[in-house]
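Any read-out appearing in this document is the output of simple, stated calculations on the displayed coordinates, not a laboratory observation. Quick caveat, the model's predicted, so the values are computed rather than measured. So basically every Cβ, Gly included, is an ideal-geometry build from the backbone, and we count neighbours across all protein chains shown.
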Amino acid sequence: MSAALEEQKAYYRARASEYDEWFLRTGRYNRGIEHTNIWFHEVQRVIDQLDKHAPFGDVLEFAGGTGLWSQRLSQKADSVTVVDASPEMIEINRERVNNDSVCYIHQDIFEFESDRKFDLIFFSFWLSHVPSTRFDEFWEIVRSHLKPGGRFFFIDSLKEGRSTAVNHCLPDEDDSETLIRKLNDGREYRIIKIFYKPWELQKKLEGLRFKANVTQTDSFFLLGHGEI
């Protein structure tokens, strides 16, 4: 899976300048006003759940991307440490957040090491990009960087065709771990994308001895929180 992870990193580096189109429902992701209203209604549900965990204390954010969530975290945290493998994403994030309490580490998440422990580890739309063969490894990284009593919170995508671009498609098979994704200029990349059902993900986390609560919104988002 190392080659797939490298191609995935290349994709997100190349996609940095257009990434927000997906979340903001513009460009190829614009499916009309009714869809957009439903999307942001569900986004607000996720925000409401996240805010229940505030104040956040010292936060470690994996795959912070363009900073849409880093910005929100920084408003209710003592500090935020953002780890991302894309310097292009970090540059956009830094400009958007513009907060001295946020520091940035350009590094592959699987190579991240720190003696520091955190109150909250947060990641959005990252877990689905972790190969199944490295699922346990990733969650051990989470465990090793949490303070006693520390918490995690994550957001991800449900398998819903309207979530993606109009010129993308989802696989029919539930066991597929990769997708082809296009950029606005037509370049194609193969990325890892695993769509979890809430109950199956909660079971996997409980098997790793995490106390977890995994739920979903009506159509688009998977979200979970818990502690060690």
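Points worth noting:
- Within segment 25-61, if we keep just the residues that are surrounded by 23 or more Cβ atoms within 10 Å (Cβ to Cβ) and not charged (D, E, K, R), the residue that is farthest from the chain's Cα centre (by Cα) turns out to be 56.
- Residue within segment 75-84 that is basic (Lys, Arg), in contact (Cβ under 8 Å) with a residue 40 or more places away in the chain and more than 24 Å from residue 139 (Cβ to Cβ) present: no
- Number of positions in segment 93-119 that are crowded, with 19+ Cβ neighbours inside 10 Å and within 20 Å of residue 17 (Cα to Cα): 3
- Test result for residue 34, of a type in the set (Asp, Glu), farther than 21 Å from residue 139 by Cα and in contact (Cβ under 8 Å) with a residue 24 or more places away in the chain: no
- Inter-residue pairs, beta-carbon under 7 Å, first surrounded by 14 or more Cβ atoms within 10 Å (Cβ to Cβ) and in segment 1-21, second among the polar types (S, T, N, Q) and assigned to a helix (DSSP H, G or I), 6+ apart: 1/133
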